[in-house]
Amino acid sequence: MRVNGRVVRDPEFPVQQGRDVVVLDDQPTAASTRRVIMLNKPRGLVTTTADEQGRDTVYRCLDGAGLPWLAPVGRLDKASEGLLLFTNDPAWAAHITAPRSAIDKTYHVQIDTLPDQGLMRRMADGIDIDGVRLSAKSARCLRHGRKNAWLEIVLDEGRNRQIRRLLAAVDVAVLRLLRVAVGPLALGDLAKGQWRELSADEITRLS
């Protein structure tokens, strides 16, 4: 395809609706309506369109839905669960994931130990890991049992496996990790493996 006269081979190349001219097979494409859905991603699926190792991907949850092509907005690793966004608007996706947007992502994380205030403080202050300083915007204990606990951790940036790396640096293992909110959008009671379309108001509040 061509974008503003330039050949582009990346199917996820960001374009601005109403500004950029997209030509496919020598024919201008009509402007498409922005579509955004949220999925409650189950554990064990990889966030990619296809996997070279033959593992199941998040698109298994969208089979037969009759949706247009939608790309994931950010990622959740194979072992993680919860709220994952998809859209057909690459520019909107780029805004949501851009560090400068600083959109909070909220996670509930089960760990293999009982936390203390020192752990929370270290996560908020940040830890240097492989030459990069990683930190959480906030961390608090939601509940605990005799041997493990659930934390609520909020990030305003999205580095690869950030929470797992932060906790591993202080010898804490993650038992489960669920993303429960992106900005004002909460996962709510959406069932595991199910999806729903966002309303125009939800998309606006995220933007």
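Summarised as an ellipsoid, the chain has semi-axes of 35, 18, 16 Å, derived from the eigenvalues of the Cα gyration tensor scaled by 5 and square-rooted, with the largest first. With neighbour counts taken as other beta-carbon atoms within 10 Å, the residues Arg133, Arg179 rank, fewest first, as Arg133, Arg179. Residue pairs exceeding 21 angstrom between C-alpha atoms, taken from Lys147/Lys192; Lys78/Lys192; Lys78/Lys105: Lys147/Lys192. Each of Ser207, Ala79, Ser138 was scored by the projection of its Cα onto the charge dipole of the range 72-207, and the greatest displacement toward the positive side belongs to Ala79; charges sit on the C-beta of Lys, Arg, Asp and Glu. Full extension of the chain between Arg161 and Asp201 gives 11.4 nm of extra length, using 0.36 nm per residue less the Cα-Cα distance.
The sum of -39500 (n - 2.57) across all DSSP H runs of n ≥ 4, divided by the residue count of the chain, sets its helix-only mean residue ellipticity at 222 nm to -4000 deg cm²/dmol. Taking the inverse of the average 1/r across all pairs of different Cα atoms in the range 104-182, what Kirkwood radius in Å do you get? 12.4 Å is the Kirkwood radius here.
Quick note: the coordinates plus some simple rules give every number you see, no bench work behind them. Computed from a predicted structure; not experimentally measured. Quick reminder, even Gly has a Cβ in these numbers, built from the backbone with ideal geometry, and neighbours come from all protein chains shown.
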